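As C-alpha cells, the structure follows; a few thoughts come after it.
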Amino acid sequence: MKKIELGELLGQMTVSEKVGQLLQLAPMFYKGTITEGEITGPMAEMGITTEVSENAGSVLGSTTASEMIAIQEAYLKTNRLGIPLIFMADVVHGYKTIFPIPLAIGATWDVELAEKMAAISAKEATAAGLQVTFSPMVDLVRDPRWGRVMESTGEDPHLNSAMAASFVRGYQGNPDELAENHEKMAACVKHFAAYGAAEAGREYNTVDMSMRELYQNYLPAYTAALEAGSKLVMTAFNVVDGVPATGNEWLMRDVLRDELGFDGVLISDWGAVKEIINHGTAANSVEAADVALRAGVDIEMMTTCYLENLERLIADGALPVGLLDEAVMRILELKRDVGLFEDPYRGLKGDVDRQQDILSVEHREVAREIAADAMVLLKNDGDLLPLGATGRKMALVGPLATTQDVLGAWSWLGDMKDAVSIEDGMKAQFDQVDVAGAMDTENVTEAEIAEMVRVAQDADVIVLALGESANRSGEANSIATIRLPETQYPMIDAIRALGKPVVTVLFNGRPLDLHGLIEASDALVEAWFPGTEAGNAVADILSGRVNPNGKLPMSFPYTTGQIPVYYNHLRTGRPADAADAQEHYVSQYIDIPNQPLFDFGFGLSYTTFAYSNLELSSDTITKMDTLTISVTVKNTGTIAGKEIVALYVQDIVGKVSRPCKELKRFTKIDLAPGEAVVVTFNLTEEDLRYYKPNLDFTSDPGDFNVFIGTHLQAAFCLA
Ligand code: BGC
C-alpha cells in the first residue's frame with residue numbers, strides 16, 4: 001500500500017476507529033473475546049467493549065506465532081476496514097536464546113557481536129509472531145542503585161551510541177526492507193529522555209539536569225539509534241525540566257521531532273499517559289490525554305485516557321482532528337513498513353519451518369561466545385587463572401553454583417530450564433569438580449555454609465559462585481546499598497578461612513561495592529547474568545578456552561556513598577592532588593579515595609599487550625582536516641587475546657568546564673602471541689565540538705590531549 005492509499009484509508013476511518021489505532025492492549029483482551037463477544041475481567045474494568053477491542057491498533061506481549069495468528073485472524077474478521085493489528089513486546093537480550101544482559105553486552109565493546117545478538121533476537125521473535133521490540137534501552141546511567149542499569153550499556157555516551165546503533169541495525173536490518181524481510185523487526189528506542197538519571201537511583205524518581213548535560217551526554221545514544229533508523233521511540237516515565245516526558249511538548253515536538261528529525265511512532269511507556277495525573281501536571285484523564293496528544297504521543301500503552309476522552313475533545317473542538325490524524329497516519333505507516341497490509345502474518349501462516357530458528361544450536365553458540373566475551377577479569381593474583389582442564393581438584397561452591405537462574409531480568413520468554421548451570425558447564429570442561437550450592441542468594445544458611453566448607457576443604461582450588469539473584473535488578477528493583485546480600489559475607493569468610501586459592505565468579509545486574517569480596521578472592525571474574533549459555537561461558541573463561549577480553553562499561557564505586565562516580569567527570573576548582581596530600585581544602589572524601597574501586601574500561605587478560613609508537617599525522621587540525629592517530633599494539637604474552645584499544649580526548653580549555661577525558665573511538669583487535677598491529681583512528685574537528693553556554697554545538701581553537709590505551713587510570717586528570 002502506498003502513502004497516498006494510506007491517506008485514502010485514513011479518509012475512510014471514523015474518529016472512533018482512529019482513536020482505536022492509538023490504543024494498545026495485552027493479548028488477554030482477545031482471549032475468547034473477539035470470537036465470542038464475552039466481556040469480563042480486565043476488559044470490563046478498563047471499559048474495553050468488544051467494539052473497542054475490534055478497533056484497537058496494537059497488542060503488547062503476545063508470545064507465540066499461533067497466538068498472534070489466532071488473534072490477528074479473529075480481529076480481521078471483524079475490523080471494518082481490515083487494518084491489521086501490530087504485535088509488540090520486550091525482546092531485550094534475546095527471545096528464547098537468552099544472551100547476556102545489555103550491561104554485559106556493553107562490556108564486550110564489540111559492536112559486531114551486539115548486532116549479531118540483536119539479529120538473532122529478531123529472527124527468533126519474528127518466528128514467534130512479534131513485529132516490534134521495545135529495545136534498545138539506551139538510557140545513560142551513572143547510578144548502580146537503579147535496577148535498570150542492567151538494561152543499559154553503561155555510563156559513556158560514545159559507547160552507548162555505538163551499541164544503540166548496533167542493536168537497531170541487528171533488529172531491523174535495512175529499515176526500508178522490513179516489509180520483505182520477515183526475519184527482521186522494528187526497533188523501539190527508549191526511554192526518551194534521560195530516564196537513567198533518576199535521582200538517588202530510585203526507580204521512577206525525578207530527573208533534573210542542565211540542558212547542556214542532557215544534550216552532551218544523555219541525548220547522543222537516542223540520536224544514534226534514530227540515525228540507525230529506529231522505527232519507534234518510547235517515552236520515559238520521568239519529568240524532563242519539570243514536565244512529564246510523556247506530556248512534554250517541547251521534548252517530543254521541538255527536540256525529538258524537529259531537532260532529531262524523528263517521524264516514526266512515539267509510544268508511551270506502560271501507563272505513562274495516565275501517570276501525568278500523578279506527576280501533578282494534569283488534573284484528570286481528559287487533561288492527560290490532551291497534553292500527551294499535543295506532545296505527539298501516538299500510542300497509549302495500557303491505559304485508556306485517549307480512548308475515554310479523545311473523541312469528545314475533538315468533537316468539542318478542544319483538540320484539532322489533525323493531531324489525531326497525524327498520530328494515526330504514523331501508526332498506519334509503521335504497519336505498512338513492516339509489511340502487514342501485504343501479509344498480516346508476515347509469512348508465518350502455514351510456515352512451521354521458522355519455529356526451528358528458535359533456540360537453535362547456532363544461536364546458542366553465539367550466545368556462548370558473547371557471554372564469554374562479556375566477562376571481565378577484575379583480579380588474577382599470581383596468574384591463578386586460567387585453571388587448565390585437568391589435574392586439579394576443584395570445589396564449586398556458593399549460591400549460584402547449581403542454579404539455572406542465570407538469565408537475568410528482562411528475559412521474560414527465556415526458560416531457565418534451557419540454561420546451562422555453572423555446575424554443568426564446569427563439569428563439561430573440568431574432570432574433578434565437587435559441588436555445594438545454596439537455595440537462596442538472599443539467605444544462605446549456616447547448614448549450607450557448613451556443607452560448602454566440607455566440600456571445599458580438600459580442594460586444590462575453590463570456585464566461589466555468588467552474587468545477586470536475577471530479580472534483584474531490572475525494573476522497579478532499586479537498592480540503597482550496592483553490596484551483596486548480607487548472608488553471603490559469612491560464607492565468603494568461611495571459605496577464605498580454608499586458606500585455599502579462591503576464584504570468585506560474580507553474577508549481578510549492576511556494579512557492586514566489592515569490598516569484603518575482592519580481598520577474599522585471588523581471582524575474580526565479573527560474569528554479569530550470562531544468559532542461556534552461562535555455565536559453558538564461565539567454564540570457557542576459567543579453563544582458558546576463552547581469554548577474557550571484556551572491559552567495564554561502567555565504574556564500580558568504592559562504596560555506595562561515592563555514587564555517582566564516572567570517568568568523564570568535569571574538573572573542579574580544587575582538585576585533590578596526590579602530590580600534595582597535606583592540602584585539606586580540596587575536593588575529596590576524608591574517609592575514602594576519590595577513585596572508584598574499578599573504573600570504566602578496566603579489565604584484565606591472560607596475556608599482556610604493549611602499546612608503542614603513538615603517532616599523529618599532524619600537531620594541528622583545521623575544520624578541513626582529518627587527523628590520523630596511530631599506535632602499535634603488540635601481544636607480548638604467550639597466548640592469543642583480544643584487546644580493546646580506546647582513544648580518549650581532553651579539551652584543555654573550553655567555554656564551559658570540559659570532562660577529564662572523553663571516549664571518542666574504540667576498536668577490538670585479536671592478536672596471536674607475539675603479533676603486533678598498527679591501529680589507526682581518524683578524528684575531525686566535529687569530534688571536538690561540545691555544547692557552549694548558549695547550547696551552540698561548536699569547537700574552540702586551542703590545545704587538546706589525546707590518549708590511547710585500553711584502560712586509562714584517571715591519574716593524568718584530577719577531579
Ligand atoms: C517498561 C518498558 C517496557 C514496557 C512494556 C514498562 O514498564 O518501562 O521499558 O517496554 O513496560 O513491557
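The values are calculated or read from the model by the stated rules, or taken from the named source; none is laboratory data. Owing to the predicted nature of the structure, the values given are computational and were not obtained by experimental measurement. Every residue, glycine as well, gets a Cβ built from its backbone with ideal geometry; the counts of neighbours run over all protein chains shown.
So here's what we get for this one:
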{"read-out": "Tabulated pairs, region 468-484, first under 13 Å from P511 (Cα atoms) and in contact (Cβ under 8 Å) with a residue 12 or more places away in the chain, second of a type in the set (A, V, I, L, M, F, W, C) and more than 16 Å from the ligand (Cβ to nearest atom), C-beta under 7 angstrom, 6+ apart or interchain", "value": "E468/F507; R472/I479; I482/L512; R483/L512; L484/L466; L484/L512; L484/L517"}
{"read-out": "Restricting region 386-429 to residues that are of a type in the set (S, T, Y) and under 25 Å from I462 (Cβ atoms), the residue that is surrounded by the fewest Cβ atoms within 10 Å (Cβ to Cβ)", "value": "T390"}
{"read-out": "Residue in region 245-276 that is farthest from the ligand (Cβ to nearest atom), counting only those that are assigned to a loop (DSSP other than H, G, I, E, B) and among the polar types (S, T, N, Q)", "value": "N248"}
{"read-out": "G516 being away from the ligand (no atom under 16 Å from the Cβ), surrounded by fewer than 19 Cβ atoms within 10 Å (Cβ to Cβ) and at positive phi", "value": "yes"}
{"read-out": "For A164: the one exception among (1) assigned to a loop (DSSP other than H, G, I, E, B); (2) within 16 Å of the ligand (Cβ to nearest atom)", "value": "(1)"}
{"read-out": "Selected residue (only one of K642, K661, K634 is under 27 Å from D373 (Cα atoms), in contact with a strand residue (DSSP E or B) (Cβ under 6 Å, 6 or more places away or on another chain) and modelled with pLDDT under 95)", "value": "K661"}
{"read-out": "Which numbered condition S121 misses (of (1) of a type in the set (G, A, S); (2) within 16 Å of the ligand (Cβ to nearest atom); (3) not in a helix (DSSP H, G or I))", "value": "(3)"}
{"read-out": "Test: residue in region 142-156 that is in a loop (DSSP other than H, G, I, E, B), within 16 Å of the ligand (Cβ to nearest atom) and of a type in the set (S, T, Y)", "value": "yes"}
{"read-out": "Of residues in region 182-230 being within 16 Å of the ligand (Cβ to nearest atom) and among the polar types (S, T, N, Q), the one farthest from K335 (Cα to Cα)", "value": "N205"}
{"read-out": "Every pair of residues 6+ apart whose Cβ atoms lie under 7 Å, when the first sits in region 64-79 and is of a type in the set (D, E, K, R) while the second is surrounded by 16 or more Cβ atoms within 10 Å (Cβ to Cβ) and part of a helix (DSSP H, G or I)", "value": "E67/P27"}
{"read-out": "Residue list for region 180-197, filter: surrounded by fewer than 24 Cβ atoms within 10 Å (Cβ to Cβ) and either outside any loop (DSSP other than H, G, I, E, B) or not charged (D, E, K, R) (or both)", "value": "N181, H182"}
{"read-out": "One residue from L340, L359 being more than 26 Å from the chain's Cα centre (by Cα) and more than 16 Å from the ligand (Cβ to nearest atom)", "value": "L340"}
{"read-out": "Residue tally, condition surrounded by fewer than 19 Cβ atoms within 10 Å (Cβ to Cβ) and either under 24 Å from F134 (Cβ atoms) or within 15 Å of the ligand (Cβ to nearest atom) (or both), over region 278-290", "value": "1"}
{"read-out": "So G296, is it under 19 Å from T133 (Cβ atoms), within 26 Å of the chain's Cα centre (by Cα), more than 14 Å from the ligand (Cβ to nearest atom) and at pLDDT 95 or above", "value": "no"}
{"read-out": "Sole exception among (1) at pLDDT 95 or above; (2) more than 22 Å from the chain's Cα centre (by Cα); (3) farther than 28 Å from D687 by Cα for P548, by number", "value": "(2)"}
{"read-out": "Residue pairs meeting the criteria (Cβ under 6 Å; at least 6 apart or on separate chains; first farther than 16 Å from A197 by Cβ and surrounded by fewer than 24 Cβ atoms within 10 Å (Cβ to Cβ), in region 239-253; second modelled with pLDDT of 95 or more and not aromatic (F, W, Y))", "value": "E249/R294; E249/A295; R253/G296"}
